[in-house]
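The block underneath contains the structure these notes are about, expressed in C-alpha cells.
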Amino acid sequence: MKLYCRALFLLCLLALPARAEHNLTLGVFAYRPKPVMMAMYQPLADYLSAQLPDGRVQLRVLDQDEMETELSRNGLDLVFTNPSHYLLLRSQNALTGVLATQISREQGRATSALGGVILVRRERSELTTLDDLRHRDIAIPGRHFLGGYQAQALELLEAGIMPGSDTRLTAVGGHDAVIAALLKGQVDAGFVRTGILESLPDAQRRRFRVLNPQSLPGFPYAVSTRLYPEWPFLALPRVSMPDIRRIASALMALEHDHPAARAAGIEGFAPPGDYLSVETLARRLRQPPFDVEEEPSLLALWRYYGPWLVFVSVLLLLLSLSLAALVRKHCQVRQSRRAYREQSRKLEEVIWGTGIGTWEWQPAQDRLYCSAQCAAPAGYQRATPGPFGRQQLRALFPARDGAALDQAWQRVEQGDMEQLELELRLRHRRGGYAWVLIKGRVVERHPSGEVVRMSGTLQDISASKRQQAELGENEERLRTMMAFLPMGIALTDRQGGIVHCNVAAERMLGMRHRHRLEAVYANQGWRVLREDGSPMPVQEFASSRALAEGRPVQGVVMALQSASAQRWLEVSATPLGHSRYSLVVAFNDITAQRRADLDLRLAASVFSHTREAIMISDENGTILDVNEAFERITGFARHEVLGKNASLLQGGRHSAAFYAEIWQALAGHGYWQGEVWSRRKSGEQYAQMLNVSRVQDSCGRSQHFVSMFSDITSLLDQQQKLERIAHYDALTGLPNRLLLADRLQQALAGCRRQGGAVGLVYLDLDGFKAVNDSHGHEAGDELLKRLGARMQACLREHDTLARLGGDEFVAVLAGMNGPDDGDEVMARLLASASAPVDLGGGLRVRVSVSLGLAVYPRDGVDADTLMRRADLAMYAAKQDGKHRWQRFADIRQEQLEYELGEA
C-alpha cells in the first residue's frame, strides 16, 4: 500500500508543470502608442515586482498579433488586455480565470466598467442620431477593440445599421489615430473607448461632440453605448499559486493615490467582473472567436487534453490496485462508522436541542459546511445543500459585517489568533437583519502553518440584541430628558452625597457628582438669603425641611448672592423612601422673572412721564388706563377709552390673522413688537411702533398687558420717499438700474418655476444727440420723459421698462410663450419711438430707436449674460441701418464670435 502511495505521489509531481524561472513577463495590450503605454504601466510592473520576494515582473507592450505570437511561444506569464481580446485569447490558449478587473477613475469617481464613445466634430450639426451615420466614413482603432468598435457596432446593429455594409469603416490602429483623423477632417465620425475624450486637452475636447449620449448615474465618463466590464488581469496556468495569490492581493490592495495607479490613470482593481455580456456581444457581432463554428477533432482534443488523459489513466490504474487493499479494511471501517454514526446522532440531538448551528470551514478548498440550525436566523427552514464558498458567504452579510468576518478569518489564516468570536448581522430572507454570534476555533493546521479545518457555532442573538437596544433607548431617553430640562435636578444618597445631577444643575450651581448637597452653596462662595434679604439658615432649605418633615416641600424661594451677582432660585425637594437614594431636589432659576417684576414696577413709576403712549389692558383687551402721551397721539381723552375694547383703535389695514398672531406671541413669549397701522379719533390712520408686554402675578397668571407705542407715520413717509429715489429714475419716473435687476431676477425665477421664456430688450435712441445739441438739454430731457411714457404704454402690465442712463432703456418681457415670441411688442416699441414728439412751444421733433432682444434661457441663463447679449443685438441693429430690431439668435457668425471673445 505504501509503495502505491509513493508511486502516485511521484506521478503527480511529474504531471505538474515545471517552471523554468521565477521572473514573470506581463503583456499589456497596446491600445495607444507603445511609449505612452510603457510610461503608463511600468510603475504597475514595478509595484507587482515588489510583491515577489525572489523575482520581478517584466513589462511588454504588445499589439494583438504580437501578443498572440508570444502566448503561442509561452513568452508571457501575465496578461492585461481588453475584454474582447481576452475572449479571443481564452479560445486559443489555456488561461486561468480572471484575477482582477480594472477600476477606472475620472473626476474623483471610480468605475469598473467601460463603454464606447461615438465622436463627431462639433460643427457637424447634421450628425445628431445614429441613423445619420449611415453611409458615412467612420474611423475605428480596430475591429478587436471592445470600447473602440464592438460596443458601438452593437448599438448600430440594434438601430438597424449594419456596421460593415451601411457604413464605411477605416481601421487606423489606435484611439489616438482616431482622434487625429477626426481633427484633420478625414472621417465623419470616430469610435473610441470611454476615458479617451476626458484625457484630451481642453482645446481638443471642446472640438468634439458625443453622439447618442447616455445618462448613466454614477458613471464618470461620457458614453454612447451600454457598459461592459473593464480590462481583466489574468495569469497563465504555469504561474505558481503563491505568486498568483501575491499578485491578486497586490492588485486588490492598490489604492488610487499610489504612483502606479496615478500613472495608469486608474482607481485600482476589483474582484473579477462578469464577462458574459462581452461574450454575448461577440457572439451577436460574430467576432472572433465566434466568427466560425469550430468542429471538434481528435487531434485538437489530444492537443488540449492528452497529458491529462494519460495522467487520469495512470491514476485509475493505481486506484484499481489500491481498491483491493481498501476492500480488506472495509469491514473494519463499517464497524467504526456504525459507532461514529451513533455518536454523531446523539451529538446532533444535543445540538438541536440548544438551537445552535454548527459549521466547518476548509480554507484550502474554500468550503464552508453548515448545519440546518445555521439557516434558522435568516428565516429558512433548512440550510442550502452543499458547501458555501467565501463569495457566497460574504453575500449573506452587509458590507461592513462581511469585511469584519474576512478580517478575522485572515488573522486566523495568518496565525495571529486560534479562535474567533464575532457578533454580526445576517441578512433575513424577508428583509432586514438578524444578529448572530459566531464562535470558532482552529481544529487542524498544516505543518507549514496553513489552516486545514476550523469549526465553530452560530447562535441567533437577535432577541438579546433587541432587549439591549430597548434598554439602551430607554436609558438614552431618560438621559436626554434629564440633560435638556431647563431646571436643575439632583439625586442624593442616604448620606447626603450627590449621586447624579443634570447639565442644568452643573451649569446653574457648579454641582458635581459626590458633592455634598448642603455644601454646594458654600463651595461657590454664595450667601443664601430669604426673599426679604435676611440670611436663610440651613434648616429652612427645601432639602432640609423635606428630610425633617418627611414630605415634599415645594416652591422655597431663596437668593444666592456673591460679590458680583445675585441669582434667585425656586427649590423643591421630594423624599424617596428608598434604601439607597434619599432625595430628588429641583432647582428652578427665577432670576429673569424677578427682574421682569422689577422692570414692570419701574415701568409703572415712569408711566405718566414718558413721551411714548402707554395703554394698560386686561387679557380680554379692555382698556384699564392710558397716559397723557396716549391722549396726545390718538386724540382720545382718557375717559373716552376707559372700559372700551382696544379694537376701537384698529385702522382696518390688518387682517384678523395678524392680530391673532400678536395674541399667540403674547401667550407664548409674553411680548410682541412691530409696526401697526392704527386710527386716531378723527378717523385719520397713522403708523405706530408698538411694543406689547404681558404682566404676570406671583403665581404666573396674566394680570394685564402693557402696550407702548409712538407715532412713526412721518418716518415711514420719509422712508418711502428715499426708496422711491433709490429705485426710480428721477427724470422719467421709470425704474432705474437697481429696480431693473430685481425685476429681472423675479422674472427669471418665475420662468424657472413655470416654464416659458423671458425677453430682455436693449433700446438706444437714434438721433437723440442731435436733438440735445440743437435744442438744448431741457428739450432732450422732455423728449426722454415723453418717449419713456409712450414706450411704457406699449408694454403689458407685468413687463418692466427701465432707464439705464442717457438715451438707453431696457425692457423686461416676462411670461413669453417661447424664445421666438415678442414680435408684436418689438413692433409697438419701434412705432411708438419713431412717432413725432411735440415738446411745446411749437417745437416738434422725431427720432427712432434700435432694439436688441435676448431671450432666456436660449440666449443666456443669467442676467449679466442676457444684458450683454441684448446689447450686442442692439448694436447689430444699429449696424444694419438703425430704426430696427434684432434677435441675438439671428446675428451673424462673426458678430457672435466677437461676443464670445469678449466674454
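The values are calculated or read from the model by the stated rules, or taken from the named source; none is laboratory data. None of the values given here were measured: they were computed from a predicted structure. We place every Cβ from the backbone using ideal geometry, glycine too, and count neighbours over all the protein chains shown. These accessible areas exclude ligands, DNA and RNA; they are computed on the full protein's heavy atoms, side chains included. Shrake-Rupley method; radii C 1.70, N 1.55, O 1.52, S 1.80 Å.
Can you find a residue that is closer than 22 Å to Met874 by Cβ, open to solvent by 10 Å² or more (accessible area, probe 1.4 Å) and not in a helix (DSSP H, G or I) anywhere in the range 739-755?
no
Restricting the search to the range 488-510, which residues are among the β-branched types (Val, Ile, Thr) and either without any contact (Cβ under 8 Å) to a residue 60 or more places away in the chain or in a helix (DSSP H, G or I) (or both)?
Those that are among the β-branched types (Val, Ile, Thr) and either without any contact (Cβ under 8 Å) to a residue 60 or more places away in the chain or in a helix (DSSP H, G or I) (or both): Ile498, Val503.
Among the residues of the range 535-575, what is the count of those that are over 16 Å from Val520 (Cβ atoms), open to solvent by 70 Å² or more (accessible area, probe 1.4 Å) and over 52 Å from the mean Cα position of the chain (by Cα)?
8
Sort out which residues of the range 175-215 are touching a residue at least 60 places away in the same chain (Cβ under 8 Å), closer than 28 Å to Leu276 by Cβ and not polar (S, T, N, Q), and write them in order of number.
The answer is His175, Phe191, Val192, Arg193, Gly195, Ile196, Leu197, Glu198, Val210, Leu211.
Kindly provide the set of residues from the range 655-684 that are in contact (Cβ under 8 Å) with a residue 24 or more places away in the chain, surrounded by 14 or more Cβ atoms within 10 Å (Cβ to Cβ) and assigned to a strand (DSSP E or B), ordered by number.
Residues satisfying the conditions are Val676, Trp677, Ser678, Arg679.
Just to verify a result, which residue in the range 511-525, among those that are assigned to a loop (DSSP other than H, G, I, E, B) and out of contact with any helix residue (DSSP H, G or I) (no Cβ under 9 Å at 6 or more places or on another chain), is farthest from Gln593 (Cα to Cα)?
Looking at the filtered set, the residue picked out is Arg514.
What residue, of Gly27, Gly75, is within 42 Å of the chain's Cα centre (by Cα) and modelled with pLDDT of 85 or more?
Gly27
Taking the range 189-207 as the region of interest, how many residues are open to solvent by less than 40 Å² (accessible area, probe 1.4 Å), more than 19 Å from Leu154 (Cα to Cα) and more than 30 Å from the chain's Cα centre (by Cα)?
Number satisfying all stated conditions: 0.
Considering every residue within the range 404-418, establish whether at least one is open to solvent by 40 Å² or more (accessible area, probe 1.4 Å), in a strand (DSSP E or B) and not assigned by the TED database to the domain that holds Pro242.
no
Tell me the residue from Arg394, Arg425 that is free of Cβ contacts under 8 Å to residues at least 24 places away in the same chain, open to solvent by less than 90 Å² (accessible area, probe 1.4 Å), under 28 Å from Ala253 (Cβ atoms) and in contact with a helix residue (DSSP H, G or I) (Cβ under 6 Å, 6 or more places away or on another chain), please.
Testing whether each residue is free of Cβ contacts under 8 Å to residues at least 24 places away in the same chain, open to solvent by less than 90 Å² (accessible area, probe 1.4 Å), under 28 Å from Ala253 (Cβ atoms) and in contact with a helix residue (DSSP H, G or I) (Cβ under 6 Å, 6 or more places away or on another chain) leaves just Arg394.
Among the candidates Gly788, Gly860, which residue alone is outside any strand (DSSP E or B), of a type outside the set (Ser, Thr, Tyr), in contact with a Lys or Arg (Cβ under 9 Å, 6 or more places away or on another chain) and touching a residue at least 12 places away in the same chain (Cβ under 8 Å)?
Gly788 is the lone residue from the list that is outside any strand (DSSP E or B), of a type outside the set (Ser, Thr, Tyr), in contact with a Lys or Arg (Cβ under 9 Å, 6 or more places away or on another chain) and touching a residue at least 12 places away in the same chain (Cβ under 8 Å).
Could you run through the range 350-401 and say how many residues are of a type in the set (A, V, I, L, M), part of a helix (DSSP H, G or I), over 40 Å from the mean Cα position of the chain (by Cα) and modelled with pLDDT of 80 or more?
1
Can you tell me how many residues within the range 429-446 are part of a loop (DSSP other than H, G, I, E, B) and either over 20 Å from Trp409 (Cβ atoms) or open to solvent by less than 50 Å² (accessible area, probe 1.4 Å) (or both)?
4
To keep it simple, each residue is scored yes or no on (1) of a type in the set (Ser, Thr, Tyr); (2) more than 22 Å from Pro735 (Cα to Cα).
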residue	(1), (2)
Gln754	no, yes
Gly759	no, no
Gly767	no, yes
Val771	no, yes
Ser774	yes, yes
Glu778	no, no
Glu782	no, no
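From (1) open to solvent by 60 Å² or more (accessible area, probe 1.4 Å); (2) without any contact (Cβ under 8 Å) to a residue 24 or more places away in the chain; (3) more than 24 Å from Leu200 (Cα to Cα); (4) not hydrophobic (A, V, I, L, M, F, W, C), pick out the condition that doesn't hold for Pro35.
In the conditions (1) open to solvent by 60 Å² or more (accessible area, probe 1.4 Å); (2) without any contact (Cβ under 8 Å) to a residue 24 or more places away in the chain; (3) more than 24 Å from Leu200 (Cα to Cα); (4) not hydrophobic (A, V, I, L, M, F, W, C), Pro35 misses (3) alone.
Would you please name the residue that is nearest to Val36 (Cα to Cα), looking only at residues in the range 238-279 that are of a type in the set (Gly, Ala, Ser) and not in a helix (DSSP H, G or I)?
This residue is Gly265.
Have a look at Arg844, Arg786, Arg803, Arg796 and point out the one that is open to solvent by 20 Å² or more (accessible area, probe 1.4 Å) and in contact with a Ser or Thr (Cβ under 7 Å, 6 or more places away or on another chain).
Result of the check over Arg844, Arg786, Arg803, Arg796: Arg803.
Please note which strands (runs of 3 or more DSSP E) are completely contained in the range 92-179 and include at least 1 residues that are open to solvent by 10 Å² or more (accessible area, probe 1.4 Å) and of a type in the set (Phe, Trp, Tyr).
none
Considering the range 211-225 alone, what residues qualify as being modelled with pLDDT of 90 or more and either surrounded by 15 or more Cβ atoms within 10 Å (Cβ to Cβ) or outside the structural domain of Glu155 (by the TED database) (or both)?
Answer for the range 211-225, where residues must be modelled with pLDDT of 90 or more and either surrounded by 15 or more Cβ atoms within 10 Å (Cβ to Cβ) or outside the structural domain of Glu155 (by the TED database) (or both): Leu211, Asn212, Gln214, Ala222, Val223, Ser224, Thr225.
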